[in-house]
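Engineer: I'd like to ask some things about the structure below.
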2 protein chains.
Amino acid sequence: MLDERKRRILRAIIDDYIDTAEPIGSRTIARKHELGLSSATIRNEMADLEEMGYLAQPHTSAGRVPSDKGYRLYVDHLMKVNELSLEDIEGIKRAMEVKINELSQLIRQASVIMSRITKYTSMATTPQLKKSTFKAVQVVPIETGKALVIVVTNAGLVRNTLVKVPERITPDFLIQISNVLNDKLKGLTLNQVNSTIIGEIELEISVSTEVLIPILHGIAECISQVDSVDVFLDGTTNILNYPEFRDVVKAREFLSFLDERELISKLLQSEEHKQDEIEIKIGSENHLEGIKDCSLVTATYSVGDVIIGSIGVIGPTRMEYPRVISSMNHIRKIINQELKKILGDNTE
Amino acid sequence: MLDERKRRILRAIIDDYIDTAEPIGSRTIARKHELGLSSATIRNEMADLEEMGYLAQPHTSAGRVPSDKGYRLYVDHLMKVNELSLEDIEGIKRAMEVKINELSQLIRQASVIMSRITKYTSMATTPQLKKSTFKAVQVVPIETGKALVIVVTNAGLVRNTLVKVPERITPDFLIQISNVLNDKLKGLTLNQVNSTIIGEIELEISVSTEVLIPILHGIAECISQVDSVDVFLDGTTNILNYPEFRDVVKAREFLSFLDERELISKLLQSEEHKQDEIEIKIGSENHLEGIKDCSLVTATYSVGDVIIGSIGVIGPTRMEYPRVISSMNHIRKIINQELKKILGDNTE
DNA sequence: TGTTAGCACTCTATACGATTGAGTGCTAAT
DNA sequence: ATTAGCACTCAATCGTATAGAGTGCTAACA
């Protein structure tokens, strides 16, 4: 498709452009890279590359700029992904050493690190509750007429809601209810809670629906809590350091996008994402208007072989892909490693 | 100190400046406001006001701009705070009607509303745990070797941590521990947990420290959780709509400031804040460098007569103070009202 | 036939000067 | 005390000239 020389030249251009954010001219390439070619030859090749759609020209007398298609080729075949520097690895290790024993905190911390070492914006989601199963359900009496419903999922996520219960219910009875609920629900996926099960529970503790209803509501609330999927964002202002966002209009567009957690969480839960693979979406490959000039690098983390969440880095299409990718690879490993520690070896 | 006419003129200038963000000239004032004065007279008065420090001039041939001192006078004595429009009141009411039964959600929602109706950035904090007392402490067995420690404070805040416990501990025994803990700690303030109390607890359940330690750690973790004070931010990008932040450097300064949750939480927990009063800090009155061109309007909410958290709006010094203040007043009332509902009437 | 030197051409960015217009301060008249 | 009038100031705007980076094309070369 593209002969070796063209590929070399394209890579040189993109490498340079990632570095400088300035359109790259033929002379620059001839001088900086040892290709043994004159600027005129390179000029011809660049014209070809443009015709093929890998490069674009802001205006006739400017240098060339990579197109999304160009970046795609670069990412798939041209770039050299080097190992993370020892320094960075050390830094990550140190940052993750902070004793973490809850999932959300682990992910939050990972997100912080990613934004710090990449200098872009990072985003992460905790598991979708709906895909999880109940590990424990507890009803804890707080004071007369009030109880706390707690749901713990197999992915280690904890959610709780305060509910009101009829005043005449004694704490002891609540605990009894709690035990039955726990027995009945444990192991089920969250959306398996249906009327059959509820019937069984009612039967078992022979309690009027009146009592059970607020509690079940609490559970439902835990499950469908608006932000049941936490979205963490870090380094949101990093983007303002890049020249392509010097324009306030661009900057606002980007930042407004980040404000919509729903969108982000959708973005991160891309359907086609394969386990253990890093996914890269370049510019217009993101079908969302607000980030058509951004690239997104995402990875997932899993329990067993079920993907339960993901972490991503978003920045200008002119992104240091090699760096981001190697960092992402590293952090993904660490997350999965720590995840095992948190959940213990006895994860079903 | 300032005669009536000067005050009238100053108010007119500030009103106009808040509206337009453009330096105000003498002719504008003479034309738009019915003061029965010529531009020349106003010009003289403006020169006086500038000398007194209420106004400033960007350059010799420009109009006048209010100084921080000018805004201060305006806020304290000149502006007219009108009632919130029925429309707005209706809007707020509708937005808060969403069934809310946990404190954090209430505050979060209030913050969202404030940013929406003021068009500035809003910030809010949930109660400081340290000032609170224990309402309930529970240890819930999750699976062998693991338990969830839950702390509920009198202010309705719930925190939890997963802890490891020796595997030989049975769930029943954990529950027993839980009960003792609950009895012993209930009503204490969070930093009253000391070795005496721990001794008592050990005595009562005659358990080796080995078991108790992870649990107490869990409680400590709940108490000192890094972000035990949640900080909610909304409308962070609103600021980009105002001309004073058209410059990316300014915008970044502001947004970077917002990234530091610690600073914000300190900012909101201003020492001198009186209950039931709205506090206004104008420009350089905020001693923090990053927001010296911003004004901050804050209110607190309380349980009984203890301030447990606050909510604030931050925007350019050229802020629509009257609107912000009346909105703030309204939302504060609603928060305190809802707070009572959540905590029930039996709040000690 | 592929490569390169050379050159005319294009187009942006920058600098510079002139012009405009809003606004001021001062003076003199009311 | 107020105001009309006027000279003056200064940022913003516009047009023009200029410099410089980069291109495409042609013709010569290996």
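The values are calculated or read from the model by the stated rules, or taken from the named source; none is laboratory data. Every value quoted in this text rests on a predicted model; they were computed, and no experiment measured them. Cβ atoms come from the backbone with ideal geometry, glycine included; neighbour counts cover every protein chain shown. Accessible surface areas use protein heavy atoms only, side chains included; no ligands, DNA or RNA. Shrake-Rupley method; radii C 1.70, N 1.55, O 1.52, S 1.80 Å.
Engineer: Within region A:4-14, does at least one residue satisfy the condition of being open to solvent by less than 80 Å² (accessible area, probe 1.4 Å), more than 14 Å from chain B (Cβ to nearest Cβ), within 7 Å of DNA strand D (Cβ to nearest atom) and without any contact (Cβ under 8 Å) to a residue 60 or more places away in the chain? Before the answer, list the steps.
Structural biologist: At the first step, the residues of region A:4-14 found to be open to solvent by less than 80 Å² (accessible area, probe 1.4 Å) are A:6-7, A:9-14.
Pick out the ones that are also more than 14 Å from chain B (Cβ to nearest Cβ) and you get A:6-7, A:9-14.
From what's left, within 7 Å of DNA strand D (Cβ to nearest atom): none.
Within region A:4-14, none of the residues are open to solvent by less than 80 Å² (accessible area, probe 1.4 Å), more than 14 Å from chain B (Cβ to nearest Cβ), within 7 Å of DNA strand D (Cβ to nearest atom) and without any contact (Cβ under 8 Å) to a residue 60 or more places away in the chain.
Engineer: OK, next. Only helices (runs of 4 or more DSSP H) wholly contained in region B:57-148 count here; list those with 3 or more residues that are touching an Asp or Glu at 6+ places or on another chain (Cβ under 7 Å), open to solvent by 30 Å² or more (accessible area, probe 1.4 Å) and in the same structural domain as B:Glu167 (by TED's automatic domain parsing). Explain how you work it out, then say what you get.
Structural biologist: Numbers: elements: B:68-73, B:86-96, B:103-118.
Result: empty, no element qualifies.
Engineer: Could you list all residues from region B:36-65 that are more than 13 Å from DNA strand C (Cβ to nearest atom) and within 21 Å of B:Glu244 (Cβ to Cβ)?
Structural biologist: Those that are more than 13 Å from DNA strand C (Cβ to nearest atom) and within 21 Å of B:Glu244 (Cβ to Cβ): B:Gly53, B:Tyr54.
Engineer: Go through B:Leu255, B:Leu296 for me and flag whichever is touching a strand residue (DSSP E or B) at 6+ places or on another chain (Cβ under 7 Å) and outside the structural domain of B:Asp19 (by TED's automatic domain parsing). Working first, answer last.
Structural biologist: Values: B:Leu255 fails: touching a strand residue (DSSP E or B) at 6+ places or on another chain (Cβ under 7 Å).
B:Leu296 is the lone residue from the list that is touching a strand residue (DSSP E or B) at 6+ places or on another chain (Cβ under 7 Å) and outside the structural domain of B:Asp19 (by TED's automatic domain parsing).
Engineer: From the residues in region B:182-198 that are in a helix (DSSP H, G or I) and in contact with a strand residue (DSSP E or B) (Cβ under 6 Å, 6 or more places away or on another chain), which one is most open to solvent (accessible area, probe 1.4 Å)?
Structural biologist: Residues of region B:182-198 that are in a helix (DSSP H, G or I), as a first pass: B:182-185, B:190-192, B:195-198.
With in contact with a strand residue (DSSP E or B) (Cβ under 6 Å, 6 or more places away or on another chain) added as a condition, the list becomes B:182, B:185.
On the way: B:Asn182: 19, B:Leu185: 2 Å².
Filtering first and then ranking leaves B:Asn182.
Engineer: Then there is this: Picking from B:Glu221, B:Glu200, B:Glu210, B:Glu204, which residue would you name as being at pLDDT below 75 and on the phi < 0 side of the Ramachandran plot? Write out each step before concluding.
Structural biologist: Details: B:Glu221 fails: at pLDDT below 75; B:Glu200 fails: at pLDDT below 75; B:Glu204 fails: at pLDDT below 75.
Sole residue among the options that is at pLDDT below 75 and on the phi < 0 side of the Ramachandran plot: B:Glu210.
Engineer: As an exercise: evaluate A:Arg332 against (1) in a strand (DSSP E or B); (2) surrounded by fewer than 23 Cβ atoms within 10 Å (Cβ to Cβ); (3) at pLDDT 90 or above and give the number of the one condition it does not meet.
Structural biologist: If we test A:Arg332 against (1) in a strand (DSSP E or B); (2) surrounded by fewer than 23 Cβ atoms within 10 Å (Cβ to Cβ); (3) at pLDDT 90 or above, just (1) comes out false.
Engineer: Now a separate question. If we keep just the residues of region B:149-168 that are in a loop (DSSP other than H, G, I, E, B), in contact (Cβ under 8 Å) with a residue 12 or more places away in the chain and open to solvent by 20 Å² or more (accessible area, probe 1.4 Å), which is farthest from the other protein chains (Cβ to nearest Cβ)? Break it down stepwise before answering.
Structural biologist: The first filter runs over region B:149-168 and keeps only residues in a loop (DSSP other than H, G, I, E, B), leaving B:154-157, B:165-168.
Now drop any that are not in contact (Cβ under 8 Å) with a residue 12 or more places away in the chain, which leaves B:154-157, B:165-167.
Filter once more, keeping what is open to solvent by 20 Å² or more (accessible area, probe 1.4 Å): B:154, B:166-167.
Working: B:Asn154: 10, B:Pro166: 14, B:Glu167: 11 Å.
If we take residues in region B:149-168 being in a loop (DSSP other than H, G, I, E, B), in contact (Cβ under 8 Å) with a residue 12 or more places away in the chain and open to solvent by 20 Å² or more (accessible area, probe 1.4 Å), then B:Pro166 is farthest from the other protein chains (Cβ to nearest Cβ).
Engineer: Moving on. When you scan region B:231-254, do you find a residue that is outside any loop (DSSP other than H, G, I, E, B) and over 18 Å from B:Tyr120 (Cα atoms), even just one? Outline the logic, then answer.
Structural biologist: First pass over region B:231-254, keeping only residues outside any loop (DSSP other than H, G, I, E, B): B:231-234, B:236-241, B:243-245, B:248-254.
Keeping just the survivors that are over 18 Å from B:Tyr120 (Cα atoms) gives B:249.
Taking every residue of region B:231-254 in turn, at least one turns out to be outside any loop (DSSP other than H, G, I, E, B) and over 18 Å from B:Tyr120 (Cα atoms).
Engineer: Being at the interface with chain B (Cβ under 9 Å from one of its Cβ atoms), basic (Lys, Arg) and out of contact with any helix residue (DSSP H, G or I) (no Cβ under 6 Å at 6 or more places or on another chain): is that true of A:Lys186 here?
Structural biologist: Against the criterion (at the interface with chain B (Cβ under 9 Å from one of its Cβ atoms), basic (Lys, Arg) and out of contact with any helix residue (DSSP H, G or I) (no Cβ under 6 Å at 6 or more places or on another chain)), A:Lys186 does not qualify.
Engineer: Next question, about the same structure. Every residue in region A:31-49 that is part of a helix (DSSP H, G or I) and either more than 6 Å from DNA strand D (Cβ to nearest atom) or within 14 Å of chain B (Cβ to nearest Cβ) (or both), please.
Structural biologist: Just the residues of region A:31-49 that are part of a helix (DSSP H, G or I), to begin with: A:31-32, A:39-49.
Hits for region A:31-49 are A:Arg31, A:Lys32, A:Ser39, A:Thr41, A:Ile42, A:Asn44, A:Glu45, A:Asp48, A:Leu49.
Engineer: Do we find a residue being part of a helix (DSSP H, G or I), within 23 Å of A:Asp293 (Cβ to Cβ), away from DNA strand C (no atom under 11 Å from the Cβ) and in contact (Cβ under 8 Å) with a residue 60 or more places away in the chain anywhere in region A:16-30?
Structural biologist: Looking for residues that are part of a helix (DSSP H, G or I), within 23 Å of A:Asp293 (Cβ to Cβ), away from DNA strand C (no atom under 11 Å from the Cβ) and in contact (Cβ under 8 Å) with a residue 60 or more places away in the chain, one finds at least one in region A:16-30, hence yes.
Engineer: Checking the condition open to solvent by 40 Å² or more (accessible area, probe 1.4 Å) and not in a helix (DSSP H, G or I), which residue from A:Ile314, A:Ile307, A:Ile280 passes? Please lay out each step first, then the result.
Structural biologist: On the way: A:Ile314 fails: open to solvent by 40 Å² or more (accessible area, probe 1.4 Å); A:Ile280 fails: open to solvent by 40 Å² or more (accessible area, probe 1.4 Å).
Going through A:Ile314, A:Ile307, A:Ile280 in turn, just one is open to solvent by 40 Å² or more (accessible area, probe 1.4 Å) and not in a helix (DSSP H, G or I): A:Ile307.
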